[in-house]
Amino acid sequence: MDIDMLFYEKEGWEQSYCRIAGVDEVGRGCLFGDVVAAAVILPEGLIIEGVDDSKKLTAKKREALYDLIMEQALAVSVGHVDSSMIDEINIKQASRLAMKKAVEGLGILPDYMLIDAEKIDLPLPQRAIIKGDANSQSIAAASIVAKVTRDRLCEGSWEDLYPDYGIAIHKGYATKLHRERIVTLGPTPMHRRSFLGRILVEQPALF
């Protein structure tokens, strides 16, 4: 059965909301780098073929859809929270903060928000949708923008800053390669210290 990716948007339009922002984040489970959120407002009724949960798409497909979303969206914004803030306030709060920053950065104020399984601390009508990135085009579009933005940082400036850690390959996730590099070289200032406890304790087991 095909999922109607506009089901939740249609509910909003029927309630006279016309500037619906989809919001999602990526990088929650990474050991390194920012958590990155995006907010996207698409025109009412627009369908962008192929938009889906960014995790289900190839990198090439995500890049192509990213360009379409950037062309056709009414507004797009990205919010970042860095590793030191993640360590300070915890990843759940940091993800929410990145989402809030993304929404606040939109050039158009949304009148309704559809969010992937979270609540955002803003006085706007909102709905949290479990697996939102697989059930709402707006949230899926946000997941694609956030993922492409973060991947480009991993492959670009973050890789350039710390070329020995394989950031471009594993994107900051806890792969065997990444864990081994952390143990061998030590964590960088961009590693999330609160995520590294077990890895640094377990280091004899890696060899």
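The values are calculated or read from the model by the stated rules, or taken from the named source; none is laboratory data. Model, not experiment: these values are computed from the prediction. Ideal geometry is used to build each Cβ from the backbone, glycine not excepted, and the neighbour counts take in all protein chains shown. Remember, those area values only see protein heavy atoms, side chains included, never the ligands or the DNA or RNA. Shrake-Rupley method; radii C 1.70, N 1.55, O 1.52, S 1.80 Å.
Values for this structure:
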{"read-out": "Those residues of region 23-49 which are charged (D, E, K, R) and more than 14 Å from Met85 (Cα to Cα), in sequence order", "value": "Asp24, Glu25, Glu44, Glu49"}
{"read-out": "Qualifying residue in region 162-169 (condition: open to solvent by less than 20 Å² (accessible area, probe 1.4 Å) and of a type in the set (A, V, I, L, M))", "value": "yes"}
{"read-out": "Residue selected from region 139-172 under the condition of a type in the set (D, E, K, R) and not in a helix (DSSP H, G or I), by the criterion farthest from Gln126 (Cα to Cα)", "value": "Asp164"}
{"read-out": "Residue satisfying all of: in region 173-196; without any contact (Cβ under 8 Å) to a residue 24 or more places away in the chain and not in a helix (DSSP H, G or I); surrounded by the most Cβ atoms within 10 Å (Cβ to Cβ) among these", "value": "Pro187"}
{"read-out": "Ile108 being in contact (Cβ under 8 Å) with a residue 40 or more places away in the chain and under 16 Å from the mean Cα position of the chain (by Cα)", "value": "no"}
{"read-out": "So Gly156, is it within 20 Å of the chain's Cα centre (by Cα), exposed (fewer than 13 other Cβ atoms within 10 Å of the Cβ) and free of Cβ contacts under 8 Å to residues at least 40 places away in the same chain", "value": "yes"}
{"read-out": "Criterion (over 23 Å from the mean Cα position of the chain (by Cα), more than 29 Å from Ile69 (Cβ to Cβ) and not aromatic (Phe, Trp, Tyr)) met by exactly one of Arg193, Arg198", "value": "Arg198"}
{"read-out": "Enumeration of residues in region 1-47 that are assigned to a strand (DSSP E or B) and farther than 19 Å from Ile120 by Cα", "value": "Phe32"}
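To keep it simple, each residue is scored yes or no on (1) β-branched (Val, Ile, Thr); (2) within 18 Å of Lys171 (Cα to Cα); (3) in contact (Cβ under 8 Å) with a residue 24 or more places away in the chain; (4) surrounded by 21 or more Cβ atoms within 10 Å (Cβ to Cβ).
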position: Leu31; (1), (2), (3), (4): no, yes, yes, yes
position: Asp34; (1), (2), (3), (4): no, yes, yes, yes
position: Val51; (1), (2), (3), (4): yes, no, yes, yes
position: Thr58; (1), (2), (3), (4): yes, yes, no, no
position: Met70; (1), (2), (3), (4): no, no, yes, no
position: Ala75; (1), (2), (3), (4): no, no, yes, no
position: Met99; (1), (2), (3), (4): no, no, yes, yes
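Residues checked against (1) at pLDDT below 95; (2) in contact with a His (Cβ under 7 Å, 6 or more places away or on another chain); (3) open to solvent by 40 Å² or more (accessible area, probe 1.4 Å); (4) within 13 Å of Ser143 (Cα to Cα):
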{"residue": "Ala21", "(1), (2), (3), (4)": "no, no, no, yes"}
{"residue": "Ala39", "(1), (2), (3), (4)": "no, no, no, yes"}
{"residue": "Asp82", "(1), (2), (3), (4)": "no, no, yes, no"}
{"residue": "Val103", "(1), (2), (3), (4)": "no, no, no, no"}
